[in-house]
Amino acid sequence: MNKNFSRRSLIRGAAGAAAGAAIIGAPSRTFGAASLLQDSGSDVEITLWTSFGSGVNGDAQAKLVEDYNAQGTGVKVTAQTYENYEAIAQALITGLQTGDIPDIALLSDVWWFRFYLSNSILDLTDMVDTPDDYVQSLYADYQRNGGQYAVPFARSTPLFYFNREIVEKAGLDESVFGKWSDFVEAAPALLEAAPDMLGAFGFGNAASYGAWVLQGPVWAFDGHYSDPDFNILVAEEGCVNTGEFMRTFVESGNATAVTDPSTDFQTGGLGAIMQSTGSLGSITATADFEVGTAFLPEELQFGCCTGGTGMSIMSGVSEENQKAAMDFATFCTNTENATYWAQTTGYMPVRTSAIESDDFQAFLADHPNNKVAIEQLPKTSPQDSARVFIPNGDQILGRGWEQILVNNRPSQEVWDEVKQTLDEEKEPVLEALKALEG
């Protein structure tokens, strides 16, 4: 990696750390914990870095770790919890310089690519068990240049949540969420039915992944943040029109921008929000009203992206630990556990066999909100490169949305500025890709 790329801090020092440890050749696809111990003659201990430490999701992951360790294969997993995906990535950036790294880590949609560029994560292509069984739209998100750099785990899509009781009180039904323009027209009636609400709809800020949930609406208005070749498109008509539409929605007083949409929704302060399917379990458990879900509203077309996190294995740990980490990842995402994780948390089941299982189909019959999320999944698309592959692209776009929705600035003006910033920030990525992939 060239010096300019390093100075721009895609991964400070990570390339040097990775260079000090040769990437181990991928083992055969058929391995397990028992064969590890037979080969090594000793127990194997691996560390998982995760952001799921509490609540519904934290308890679910703790159960997976406990169940894996209880198998008695001699492989022991210890989870080290961080505040969020960003904290994991920052700790890994530091750890690659000091040598303090995990064996396996949850890397989000906007972070795994940085560690791919520094050769810090392992190509799992020949290690993945039954790759065709993974939901391909989720599995392919971690592919680059012929390699597979994570297995999908806590995968999600934005989902439209609404307060069903307020909708019914207003004399409406969920069809008003079919198109953004229909929703805007119905918003005054929702506020009249619940005048104490902050807004009929609540937007989040950059810290609450505002650019992620708004990527679908941008597509719905026939816009894009960028194309796959890193051409920045935010200042073109589709994205500008989306910004103006949403700015007017807020300016009318019928929608609002808040710090924590989920909390305000759960406490009755908002009529509807867009939030991760991974919040479905916690929102349903916390809200004291009937929660409804719907596809993201259309406009000119439908738009919804994938998101969430996958399990990546570090290239700088021993081959024995890489195999043990892969065994754990396979366990967490097998049919039974993918079913359990999705039922408990609301994250997408990452295995086709999990979706098709009798257990999960029975669950969907009893949980229509989860069924909506599953039915929306085939309509989703991979994210625009500007958000997931440009360092801080999510935050740059998110702060642009804040300027539009909070400061009421014209979207053309804001997106012109954002385009200039993203055009500058993409250059180190293009240089690194050229150096790495040719």
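The values are calculated or read from the model by the stated rules, or taken from the named source; none is laboratory data. Only a predicted model underlies this, so the values are computations on that prediction, with no experimental measurement involved. As a convention, Cβ positions derive from the backbone with ideal geometry for all residues, glycine included, and neighbour counts pool all protein chains shown.
Tabulated data
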item: Which numbered condition Leu96 fails, given (1) outside any strand (DSSP E or B); (2) closer than 22 Å to Gly307 by Cβ; (3) hydrophobic (A, V, I, L, M, F, W, C); (4) out of contact with any Gly (no Cβ under 6 Å at 6 or more places or on another chain); result: (2)
item: Matching option when the condition is buried (at least 19 other Cβ atoms within 10 Å of the Cβ) and assigned by TED's automatic domain parsing to the domain that holds Leu300, among Thr256, Thr248; result: Thr256
item: Flag for Ala194 being touching a residue at least 24 places away in the same chain (Cβ under 8 Å) and either not assigned by TED's automatic domain parsing to the domain that holds Asp260 or not β-branched (Val, Ile, Thr) (or both); result: yes
item: Any pair with Cβ under 7 angstrom, 6 or more apart, that starts in segment 64-91 at a residue that is farther than 22 Å from Trp112 by Cα and ends at one that is of a type in the set (S, T, N, Q) and surrounded by 13 or more Cβ atoms within 10 Å (Cβ to Cβ); result: Leu64/Asn337; Lys76/Asn69
item: Unique match (being among the polar types (S, T, N, Q) and within 30 Å of Phe265 (Cα to Cα)) among Ser156, Ser118; result: Ser156
item: Index of the failed condition, Glu236 passing every other in (1) under 20 Å from Phe389 (Cβ atoms); (2) surrounded by fewer than 24 Cβ atoms within 10 Å (Cβ to Cβ); (3) touching a residue at least 24 places away in the same chain (Cβ under 8 Å); result: (3)
item: Residue match in segment 320-328 (condition: surrounded by fewer than 20 Cβ atoms within 10 Å (Cβ to Cβ) and not assigned by TED's automatic domain parsing to the domain that holds Ser279); result: yes
item: Spans of helices (runs of 4 or more DSSP H) in segment 330-401 with at least 2 residues free of Cβ contacts under 8 Å to residues at least 60 places away in the same chain; result: 335-345, 352-356, 358-366, 368-376
item: Segment 249-274, residues that are among the hydroxyl-bearing types (Ser, Thr, Tyr), touching a residue at least 12 places away in the same chain (Cβ under 8 Å) and part of a helix (DSSP H, G or I); result: Ser262
item: Some residue of segment 402-422 being within 25 Å of the chain's Cα centre (by Cα), modelled with pLDDT of 95 or more, crowded, with 22+ Cβ neighbours inside 10 Å and more than 17 Å from His224 (Cβ to Cβ); result: yes
item: Positions within segment 306-318 being surrounded by 24 or more Cβ atoms within 10 Å (Cβ to Cβ) and touching a strand residue (DSSP E or B) at 6+ places or on another chain (Cβ under 6 Å), in sequence order; result: Gly307, Thr309, Gly310, Met311, Ser312, Ile313
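Rundown of residues vs (1) under 19 Å from Asn370 (Cβ atoms); (2) surrounded by fewer than 20 Cβ atoms within 10 Å (Cβ to Cβ); (3) out of contact with any helix residue (DSSP H, G or I) (no Cβ under 9 Å at 6 or more places or on another chain), yes/no style:
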| site | (1), (2), (3) |
| --- | --- |
| Tyr142 | no, no, no |
| Thr157 | yes, no, no |
| Ala170 | no, no, no |
| Ser175 | no, yes, no |
| Val184 | no, no, no |
